[in-house]
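Some notes on the structure that comes next.
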Amino acid sequence: MSELMRTQDIALRARAEKVVPSGMWGHLHAAKLPEAYPQFFKRGEGGILWDVDGNRYVDFMCSWGPNLLGHHHPEVEEAAERQRRQGDCLNGPGEVMVELAELVVDTIGHADWTLFQKNGTDATTTCVTVARAATGKRKILVAKGAYHGAVPWCSPSLLGVTAEDRAHLIYYIFNDIQTLEAAVREAGDDLAAIVVSAYRHDLGFDQELPTQDFARAARRLADAGNAALILDEVRAGFRLDMAGSWEPLGVRPDLAAWSKAIANGYALSAVTGRDWLRKAASQVFVTGSFWAGAVSMAAAVATLNVVRRDNVPARLARLGQMLRDGLETRSRQFGVSIRQSGPAQMPAVLFDDDPDFSKGSAFCNAALAKGVYFHPKHNMFLCAAHTQADIATALEAAEHGFAAVAALRDSA
């Protein structure tokens, strides 16, 4: 296995440890990556990434989701630069905010209105706030193990979080109607909202697409309880279906949270909602100093126009299926058992009998050395700039990864 240059990355980690708590291993949760993985990057172009040591990778994390069209997409960059020359953070939003809001409402199936923020956590928290304001109730239903942000009401960590922060959360199991019904009964007359991810993408577990029966049950139970159905689209939005990830199921939410891919890497998030929640959305106090930034909104207008024009979800699905089929064929050639789950646009690859993810790490380290950036336990992402040649490169690197896993097995 060829060795990657890591001199600059190692030096930057050492510097970071002096001024950032836990260095890069704590910041951004870099500890969830194999140790050999770079933590600092120089640039990106299309679906390719270069680290600070000049190592080049076909990137299947896509900035953990925001890179939808490809780094430096010309139409997005031109729109952002044009707005940047006029202004970004002003005394209020630019006219582009209205253009973007109109485009979002026209694109998203359930949307009658939209509000803009900066991060996915902003959006999910705003959804919950609006639901509580509209219903006058407190209980929020969330799936066990689901990730909806990094603030006390929903953070996956309990460190620094009080019991009171979670006092009104009730848990159910994704795709399990009985547990959802039980959670609704527990909430009683105090049910404000049911929060559900576009699909189950818990870290380190097989991904799980929602069944139509489950989606319909969530809609029915929310309606019966005069509560809001909130769809967390932060991770999946615009990769599965441009009008909403649950559109193919025929189920529409009352509120949805969007971020990551909405502006192709520029910081932006959005909440979309139905008319019955409009008054509450206009009354709650949610704001941020940079929420009206015009540059990211201009980037989002360009991004959504490209998504609509080029049917980006369909392109990603085709490329993702090529990757999935190729990985399956090659894993069998090496006698290695893998599980591929979730949508092809956002693939997850886990190895059988791999409780500590040592097989996954061996696979990813070997592929990384061949210039392909996979992840051992998080769902990955495709972008519209990936090509069939990139998929071929990835599959060639995967052969080295499967050989590493086979060697690990044979040495046990």
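Values quoted throughout were computed directly from the atomic coordinates according to the rules given, and no laboratory measurement underlies them. Everything quoted here is computed from the prediction, not taken from an experiment. Virtual Cβ from ideal backbone geometry, glycine too; neighbours counted across all protein chains shown.
Observations on the model:
- Relative protection proxy for 203-212, 382-391, 183-192, from highest mean packing down: 382-391, 183-192, 203-212 (other beta-carbon atoms within 10 angstrom).
- Ordering 329-337, 93-101 by mean Cβ neighbour count within 10 Å, with the highest value first, yields 93-101, 329-337.
- Positive-end residue of 228, 4, 407, charge dipole of the chain with Cβ unit charges: 228
- Helix-only mean residue ellipticity at 222 nm for the chain, each DSSP H run of n ≥ 4 adding -39500 (n - 2.57), per residue, nearest 500: -12500 deg cm²/dmol
- Nearest-0.05 FRET efficiency for residue 226 and residue 41, computed from C-beta distance (R0 41 Å): 0.30
- Net length gained if the chain between residue 84 and residue 165 were fully extended (0.36 nm per residue, minus Cα distance): 25.2 nm
- Modelled FRET efficiency - R0 41 Å, residue 285 with residue 206, Cβ distances, 0.05 increments: 0.55
- Given charges at beta-carbon only (K, R positive; D, E negative), |dipole| of the chain in Debye: 320 debye
- Student exercise, the range 74-310 dipole from Lys, Arg, Asp, Glu Cβ charges, in Debye to nearest 20: 380 debye
- DSSP finds beta bridges in the chain, and of those with both partners inside it, around 55 percent are antiparallel.
- Residue separation of residue 275 and residue 305 scaled by 0.36 nm, minus their Cα-Cα distance, works out to 8.4 nm of gained length.
- Over the range 74-310, equivalent-ellipsoid semi-axes from the Cα gyration tensor in Å: 30, 19, 17
- Three semi-axes of the equivalent ellipsoid, the range 15-121, Cα gyration tensor, whole Å, largest first: 32, 18, 16
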